[in-house]
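*Asks:* If you scroll down you'll find the structure; I have some questions about it.
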């Protein structure tokens, strides 16, 4: 039997990735998942609407809120017909001093007041109409009121014309 030898002294051998391998794999999987989610989100944003003024499935330039404000309705379910853009509608407001407060680009509600000062009915004819022009009053005009030009859908313009024939019109500024 050979003589017993002493085992020589040496540094421990360390195998890379041994027991910590599952933790490192998990860390890389999480990183890969995060990168994948970021790429997916970027692709979804790039594939979405380009002009930002409408949702998917809506006609370009006419979101439900835009159609509701232009048609004078509270909900976006009965908006203006597709292809029927806004028209300009000149209307005479009974109080000329109120018209001096308006500037192009303002949004107004148009109210038709029928009857006398003792009683009558008032109704909103147009909601959220955009003021496009406020003409200067004519020097010799004494018939009262002042003219403004609004941008409204065609149906609302018809209601405004009908209301101006039978009632005094007023505006409220948004």
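The values are calculated or read from the model by the stated rules, or taken from the named source; none is laboratory data. Note that the coordinates shown come from a computational prediction; the quantities given were computed from them, not determined experimentally. Methodologically, a virtual Cβ is constructed for each residue, glycine included, from the backbone with ideal geometry; neighbour enumeration extends over all protein chains shown.
*Asks:* Does residue 84 count as closer than 20 Å to residue 156 by Cα, surrounded by 15 or more Cβ atoms within 10 Å (Cβ to Cβ) and either at pLDDT below 75 or in contact with a strand residue (DSSP E or B) (Cβ under 6 Å, 6 or more places away or on another chain) (or both)? Please lay out each step first, then the result.
*Replies:* On the way: closer than 20 Å to residue 156 by Cα: yes; surrounded by 15 or more Cβ atoms within 10 Å (Cβ to Cβ): no; either at pLDDT below 75 or in contact with a strand residue (DSSP E or B) (Cβ under 6 Å, 6 or more places away or on another chain) (or both): yes.
Here the answer is no, as residue 84 does not meet what is asked.
*Asks:* Something else about it: Is there a residue being at pLDDT 90 or above, within 21 Å of residue 103 (Cβ to Cβ) and surrounded by 13 or more Cβ atoms within 10 Å (Cβ to Cβ) anywhere in the stretch 158-168?
*Replies:* yes
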